[in-house]
Amino acid sequence: MEFVCVINKIVSYSPLLKYTVFMNALDFFIKPVSVSQKQYEALRMYYVEKKKAKDVAEKFGCTHRAFTSLVSDFNNIINSKDSINPFFCHKESWTAQGRGR
């Protein structure tokens, strides 16, 4: 299965959860591998945990300027007239896929 991720006006196609090394579920969340997951986690840390941009940038191994650019791009995307979710693609509901309870 493939999905489309759009951020910073870049469209990339990535196989969903295609890893060459097995990882446990906890590592999937606390040690993100993909760029889009790292961006999501960094933004979540900034907005939800109220961490300073400098600290978030340092934790995720990027410059302060690169992170503040990501924040700016994210705000532009979610505040645009044609707002899209830059991290999660629309999928059928779990119930519609037969996974609901």
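How large is the charge dipole for the stretch 24-82, taken about the Cα centre, if only the Cβ atoms of Lys, Arg (+1) and Asp, Glu (-1) carry charge, to the nearest 20 debye?
That gives the stretch 24-82 a dipole magnitude of about 180 debye.
Please give me the summed charge of the neighbours of ILE30: other residues whose Cβ is under 14 Å from its Cβ, Lys and Arg +1, Asp and Glu -1.
That sum, taken over residues with Cβ under 14 Å, equals +1.
Can you spot the aspartates and glutamates whose alpha carbon is less than 15 Å from LYS91's alpha carbon? Ignore those fewer than 8 places along the same chain.
Once the sequence-local aspartates and glutamates are set aside, what remains near LYS91 is GLU2.
For PHE88 and TYR47 in the same chain, what is the full-extension length gain: residue separation times 0.36 nm, less their Cα-Cα distance, in nm? Could you put the intermediate results ahead of the total?
Numbers: separation 41, 0.36 × 41 = 14.76 nm, distance 1.75 nm.
Stretched out fully, the PHE88 to TYR47 stretch lengthens by 13.0 nm.
Kindly list the residues of the stretch 19-59 that lie in the label zone of ASN79, defined by a backbone N under 20 Å from the point 7 Å along the Cα-to-C-beta vector.
Taking a point 7 Å out along Cα→Cβ of ASN79, the residues of the stretch 19-59 whose backbone N falls under 20 Å are 40, 42-54.
If I model a spin label as a point 7 Å beyond the Cα along the Cα-Cβ vector, how far apart are those points for PHE28 and SER69 in nm?
Output for this residue pair reads 3.1 nm.
Averaging over all projection directions, find the projected area of the Cα convex hull of the stretch 24-82 and quote it in nm² with one decimal place.
Computing the convex hull of the Cα atoms and averaging its projections yields 4.6 nm².
Ranked highest first by the average count of other Cβ atoms within 10 Å around their residues, in what order do 36-42, 54-60 fall?
So the peptides 36-42, 54-60, ranked by packing, come out 36-42, 54-60.
Read-outs throughout are calculated quantities, based only on the coordinates presented, and are distinct from any laboratory measurement. Everything quoted here is computed from the prediction, not taken from an experiment. Don't worry about glycine lacking a Cβ; one is built from the backbone with ideal geometry, like all the others, and counts go over all protein chains shown.
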